[in-house]
Amino acid sequence: MRIIIGAPGNGAVLKEALKEKLAGDERVSALVDLSTPDITYPELSFQAGRAIAEGRADRGILVCGTGIGTAIAANKVPGIRAATAHDLLTVRGSVENYDAQILCMGQNVIAAPAAWALVDIWLDLRHDPASSYGPRLGEISAYETRC
């Protein structure tokens, strides 16, 4: 799986901890860090979303203070679904139900070992388009196309 990862300054510590684990994970075929010292969370989120929408990456992990700002910004990229998740239920639901390509986390919300435990599960999760959520995602995509 090709993963984009990134964080502005207020998420750099957690991002680095996750990046270290991802770099050694056999499920990750490519890992690209979009972080720069002066990047803002909106620009980072737009870049990650575009990379996924354009097929240059499969999924992304964005870390800021709470995970909320990066999710809001990434969701502005057409075709992208980003979700803030800090527990097993929301991580599973983000992919299995909503086919979210970007996982957003907050450095001020979750410790690195707990975040890695969730990312470890997240890497194996897949969306089933035939599930009961499939038609709802179609409804969201249709609305997005009209706007």
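Could you give every pair whose Cβ atoms fall below 8 Å, whose first residue belongs to the range 58-75 and is on the phi > 0 side of the Ramachandran plot, and whose second residue is not acidic (Asp, Glu), counting only separations of at least 6 or pairs across chains? Sorted first by the residue in the range 58-75, then by its partner, the pairs are Gly67/Thr84; Gly67/Ala85; Gly67/His86; Gly67/Cys104; Gly67/Met105; Gly67/Gly106; Gly67/Val109.
Within the range 125-147, residues that are within 13 Å of Arg81 (Cα to Cα) have Cβ atoms under 8 Å from residues that are of a type in the set (A, V, I, L, M, F, W, C) and open to solvent by less than 100 Å² (accessible area, probe 1.4 Å) in these pairs: His127/Val95, counting only partners at least 6 apart in sequence or on another chain. Filtering Asn10, Asn75 for residues that are at pLDDT 95 or above, open to solvent by 60 Å² or more (accessible area, probe 1.4 Å) and either within 24 Å of Ser131 (Cα to Cα) or of a type in the set (A, V, I, L, M, F, W, C) (or both) leaves a single hit, Asn75. What do you reckon, is Leu103 free of Cβ contacts under 8 Å to residues at least 60 places away in the same chain, among the hydrophobic types (A, V, I, L, M, F, W, C), outside any helix (DSSP H, G or I) and farther than 22 Å from Pro37 by Cβ? Judged against the criteria, Leu103 is a match. Within the range 17-33, take every residue that is surrounded by 14 or more Cβ atoms within 10 Å (Cβ to Cβ) and more than 15 Å from the chain's Cα centre (by Cα) and give me the one that is nearest to Asn108 (Cα to Cα). Among those that are surrounded by 14 or more Cβ atoms within 10 Å (Cβ to Cβ) and more than 15 Å from the chain's Cα centre (by Cα), it is Ala17.
Annotation: of all residues in the range 99-109 being crowded, with 20+ Cβ neighbours inside 10 Å and aliphatic (A, V, I, L, M), the one that is farthest from Leu22 (Cα to Cα) is Ala100.
Checked against (1) within 22 Å of Val28 (Cα to Cα); (2) open to solvent by less than 20 Å² (accessible area, probe 1.4 Å), Glu96 passes all but a single condition, namely (2).
The values are calculated or read from the model by the stated rules, or taken from the named source; none is laboratory data. Since this is a predicted model, take the numbers as computed values, not measurements. Using ideal geometry, Cβ is built from the backbone for each residue, glycine included, and neighbour counts are taken over all protein chains shown. These accessible areas exclude ligands, DNA and RNA; they are computed on the full protein's heavy atoms, side chains included. Shrake-Rupley method; radii C 1.70, N 1.55, O 1.52, S 1.80 Å.
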